[in-house]
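Read through the structure below, which is laid out as structure tokens, and then see the notes.
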Amino acid sequence: MKVSVDPVLCEANGVCVGILPDVFDLDDDEVLQVRPGELAEGEVESARKSVAACPRNALRLNG
Ligand code: SF4
């Protein structure tokens, strides 16, 4: 399972960072960075919560 962000939709409000900071990070330019690669099993539920919580509907789970 992987999570990805649509950078056009993302407004960098940090909601997902607050839920899953090991995967999401706002860089020095306030651009959301997503840790590459597969989510750990223990991260999937929080990733789902992040997808649901994103006010811009900018996150997708794949796989
Ligand atoms: S919650 Fe959505 S809009 Fe906010 S930083 Fe994360 S992806 Fe971007």
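The values are calculated or read from the model by the stated rules, or taken from the named source; none is laboratory data. None of these values were measured; they are calculated from a predicted model. Methodologically, a virtual Cβ is constructed for each residue, glycine included, from the backbone with ideal geometry; neighbour enumeration extends over all protein chains shown. Ligands, DNA and RNA are excluded from the accessible area calculation, which covers all protein heavy atoms including side chains. Shrake-Rupley method; radii C 1.70, N 1.55, O 1.52, S 1.80 Å.
Projected label points at GLU45 and LYS2, each 7 Å from Cα along the beta carbon direction, are separated by 2.5 nanometres.
Note that segment 19-24 has calculated 3J(HN,Hα) couplings of 7, 9, x, 6, 10, 10 Hz, one per residue in order, obtained from phi through the Karplus relation 6.51 cos²θ - 1.76 cosθ + 1.60 (θ = phi - 60°); glycine and proline are x. Residue-wise HN-Hα couplings along segment 31-46, as the Karplus relation 6.51 cos²θ - 1.76 cosθ + 1.60 with θ = phi - 60° gives them from phi, are 10, 6, 10, 10, 4, x, x, 6, 6, 5, 4, x, 9, 5, 5, 5 Hz; Gly and Pro carry x.
Normalised per residue, the accessible area of the chain is 63 Å², obtained with a 1.4 Å probe and no contribution from ligands, DNA or RNA. Charge tally for LEU39 (other residues, Cβ to Cβ under 15 Å; Lys, Arg +1; Asp, Glu -1): -1. What spacing in nm lies between the two simple spin-label points modelled at GLU38 and LEU61, each 7 Å away from Cα in the Cβ direction? With each label point 7 Å from Cα toward Cβ, the separation is 1.6 nm. Entry note, the chain: the mean residue ellipticity at 222 nm calculated from DSSP H runs of n ≥ 4, each adding -39500 (n - 2.57), is -6000 deg cm²/dmol after division by the residues and rounding to the nearest 500. For ALA52, project a label point 7 Å along Cα to C-beta. Then give me every residue of segment 1-24 with its amide nitrogen under 17 Å of that point. Once the point is set 7 Å along Cα→Cβ of ALA52, 15-20 turn out to lie under 17 Å by backbone N, inside segment 1-24.
Computed from phi, the 3J(HN,Hα) profile of segment 53-59 under the Karplus parametrisation 6.51, -1.76, 1.60 (θ = phi - 60°) reads 7, 4, x, 9, 6, 9, 9 Hz, with x in place of Gly and Pro.
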